[in-house]
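Input: a single structure, listed below in structure tokens.
The values are calculated or read from the model by the stated rules, or taken from the named source; none is laboratory data. The model shown is predicted, which means the values in this text are computed figures rather than measured ones. These area figures cover heavy atoms from the full protein model, side chains too; ligands, DNA and RNA do not enter into them. Shrake-Rupley method; radii C 1.70, N 1.55, O 1.52, S 1.80 Å.
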Amino acid sequence: MIEIKKAGIEDLSTIQNISIESFTETFSDINTPENMEKYLKDNFNTAQLTLEINNPNSPFYIAYWDNEPVGYLKLNSGNAQTETVEDETIEIQRIYVLKAFHGKKIGQLLLDKAIKVAQESNVDYAWLGVWEENHRALQFYTKNGFVTFDKHIFTLGNDQQTDLLMKLPIKTNS
């Protein structure tokens, strides 16, 4: 049984553990240990995650598999978004699922939750950035109706990588 619950500051260590494990599982084989260590240290430290979790424009949702936390979703709206795209948008900054739980539809449920929040927020579209070499994620988002509209540089340690920016229309103009 999979359940998705809104997270709070009491879930900080859970979010931190999933962040580090999931990011490492996904990207350590194709990045240097030094770049990985710097990224993890800068982005998933307690102070940084406390700021993010306490930001009212950045809700987190944790996915539980039989009461075990196995992934999470982080959304950004307003000035919490990592890029200025357009006014009426919501950013899906992270969908992280532990590798042992890939293929169990947890990522899909988290994305469905993101889309539901975007619909409830009445935004024009949801958007995200995904590394151009992360073919599994690109296929997943494309299958779900996201289209590429731009790109930006994502810095991992001292390596500059290209993220494709993808969006999904939410509000239909009638």
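Brief remarks follow.
- Helical content of the chain, expressed as a calculated mean residue ellipticity at 222 nm, amounts to -10500 deg cm²/dmol (DSSP H runs of 4 or more residues, -39,500 (n - 2.57) each, divided by residue number, nearest 500).
- Anisotropy class of the chain from Cα gyration tensor, a/c 1.5 cut: rounded
- Of the residues Phe140, Phe149, the one with the largest accessible area comes first in the ranking Phe149, Phe140, computed with a 1.4 Å probe on protein heavy atoms.
- Of Lys99/Lys167; Lys38/Lys171; Lys74/Lys143; Lys41/Lys116; Lys104/Lys167, pairs whose Cα-Cα distance is over 30 Å: Lys38/Lys171; Lys41/Lys116
- Solvent-accessible heavy-atom area per residue, rounded to whole Å², over the chain at 1.4 Å: 54 Å²
- Within the accessible area of the range 3-104 (1.4 Å probe), percent carbon and sulfur: 46 percent
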